[in-house]
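Everything below concerns the one structure shown next.
What follows draws every value from the coordinates through simple rules; no lab data is involved. Note that the structure is predicted; figures quoted are calculated from it, not measured. Counting neighbours? That spans all protein chains shown, and the Cβs are built from the backbone with ideal geometry, glycine included.
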Amino acid sequence: MLVHGAWADASSWNGEVKILRSAGYQVRAIANPLQNLTTDSQTVADFLKTVHGPVVLVGHSYGGSVITNAAAETKNVKALVYVDAAAPAVGETTGSVSGSTSALNAPASKLYDTAAYPQAPSGGQNLYLKKDIFVKDFASDLPTNQAENLWATQRAASTIAFNTPSRHAAWKTIPSWYFISSGDRIITQQSEEHMARRAHAKTTVFQGGSHLTLISHPDAVAKVISTAAGSVG
């Protein structure tokens, strides 16, 4: 089960879906609402409850926070895989774990275009990454034309999603794997290595890449997911 992150959608997993299905795995990449960590996680957990058999739950970016919470609300998740992702502890927010040198530490006015959305809670706005940030920092290892197309089709993420404290830390009890791109400028390698260590995760460091290595190098990401799946009896 693959869960995408902010400023993306389920199609970001297309490469991994193709590879894993070819290897005989049942694969689903589901929509992440990107509105509120608590309710986004419940959306994923509710879907997981419809799945029979053991699940390897994979999250990219903000999707890592979602799987960290969703897995704690179900009984069939047997492995967690974090792909250039957040893995917050209880009480931490996704926005707090990007790392001190993350590109997201720039002023919000330089990072985002904002828009209101219906029934938004107080302080809630939809965030869209600005084009230069998306191309140069978010998708830095993709061809410029492909990065610009992804920027043009990005899904907005609410400020609330990044500021909601995590209620659970499923990595404390569920075996975890961590795929870390050394070229990630959104969630830094240092921050991800810290989260991987405290989760006692089996860690793979990919030299280069970007925050979208799942798109640029799906074979490398799929290999880690396959390893996690192979551990599930």
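Numbers for the structure displayed
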| read-out | value |
| --- | --- |
| Nearest-0.05 FRET efficiency for H52 and K136, computed from C-beta distance (R0 41 Å) | 0.40 |
| Fully extended contour minus Cα-Cα distance, from Q42 to Q207, at 0.36 nm per residue | 56.0 nm |
| Gain in span if fully extended, K223 to N76, counting 0.36 nm per residue against the direct Cα distance | 50.7 nm |
| P(r) histogram, all alpha-carbon pairs of segment 81-233 included - 10 Å bins from 0, percent | 11, 36, 37, 16, 1 |
| Shape of segment 51-101, Cα gyration tensor, a/c cut at 1.5 | prolate |
| Spacing of the two label points (7 Å from each Cα toward its C-beta) at N163 and I30, in nm | 2.8 nm |
| Modelled label reach - T93, point 7 Å along Cα→Cβ, segment 145-168 residues with backbone N closer than 12 Å | 159-166 |
| Within the chain: Cβ-based charge dipole about Cα centre, in debye rounded to nearest 20 (Lys, Arg +1; Asp, Glu -1) | 460 debye |
| Set of lysines near K136 by C-alpha distance (under 25 Å), chain-local residues within fewer than 8 positions excluded | K110 |
| Anisotropy class of segment 24-171 from Cα gyration tensor, a/c 1.5 cut | prolate |
| Three-way shape label, segment 72-124, alpha-carbon gyration tensor, a/c 1.5 | oblate |
